[in-house]
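The next block holds one structure in the form of structure tokens; read it before the comments.
Here, each number is a calculation from the coordinates, and none is a lab measurement. Since this is a predicted model, take the numbers as computed values, not measurements. Heads up, the Cβs are rebuilt from the backbone with ideal geometry, glycines too, and the neighbour counts pull from every protein chain shown.
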Amino acid sequence: MNRKYRTTVIAGNWKMNKTPSEVKGYAEELRSILGSRVKWCDIVICAPFVDLPMAVRSFRDLKVGVGAQNVSQFPSGAYTGEVSVGMLKDAGVKYVIIGHSERRQYFAETDESVNAKVLAALEAGLQPIVCVGESLDQRDRGLTLDFVSCQVKAALCGVAPEKARKVIFAYEPIWAIGTGRTATSEQAEEVCRHIRTIVRGLYGARTARATSVLYGGSMNDQNAFELLAQPDIDGGLIGGASLVPAKFAAIVNAANQE
Ligand code: PEP
């Protein structure tokens, strides 16, 4: 982390878990653990669409920002089942995860659709959390850095320089998501640093220095401290451990380290 130049972000990804009626209890439990102590990071919960209005209401006084897990690249119209950036904004949502590997894998998300969604989100004033990361096979073949470079460059295609620093990246090696197998802090740092290098090449040193790059993949209360101590890891995108308020709060507390 480098709090001097960029925001530390601890973001939970609930995936397809929790109903609207479960949101309030979660928020109350989180409030009782975190209390009103100063937080040195931005805290975000990315909830399923139907939970969002309840999440915005329940997390408001905790200063937890609410994010969606996907968004349409289209502004409105005949796109049955889709949700637009305008709808998210109007509901009080601030962030949106774009290009999570589960969406790339199961819902045919491509670098092109990720880019279109990033542009739409930025235009609407939503902060995109763009997920990138390699498969185990790609890592074994030594392709990690090249593959992640392509994903980062594709996501940022056409993004204006003044908007680029709003894009949060999450490096999520696919082999570490939901598997209990975390990247070592050296592996995670190497790729997060590389993402910053790509951003520097595209937008210059000031934007790169201000860009938050998160790590995601089985981050938990046991490994968060060491991961977050790395200079280029500016927070975490947390799936499984974010479902339990005590575990998520422990990661927030790990981000409060000096
Ligand atoms: C995720 O879904 O973004 C994630 C990192 O999941 P987990 O923490 O469960 O590996």
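Whenever a residue of the stretch 153-178 is on the phi > 0 side of the Ramachandran plot, its partners that are in a loop (DSSP other than H, G, I, E, B), lying with C-beta atoms within less than 8 angstrom and at least six residues away or across chains, give the pairs GLY178/SER218; GLY178/GLY239.
Note on the stretch 213-250: among residues that are on the phi > 0 side of the Ramachandran plot and within 10 Å of the ligand (Cβ to nearest atom), the one that is surrounded by the fewest Cβ atoms within 10 Å (Cβ to Cβ) is SER218. What about ARG31, is it under 14 Å from the mean Cα position of the chain (by Cα), surrounded by fewer than 23 Cβ atoms within 10 Å (Cβ to Cβ), of a type outside the set (Asp, Glu) and assigned to a helix (DSSP H, G or I)? Considered against the rule, which asks whether it is under 14 Å from the mean Cα position of the chain (by Cα), surrounded by fewer than 23 Cβ atoms within 10 Å (Cβ to Cβ), of a type outside the set (Asp, Glu) and assigned to a helix (DSSP H, G or I), ARG31 comes out as no. The set of residues from the stretch 146-198 being within 14 Å of the ligand (Cβ to nearest atom) and touching a Lys or Arg at 6+ places or on another chain (Cβ under 8 Å) comprises PRO173, TRP175.
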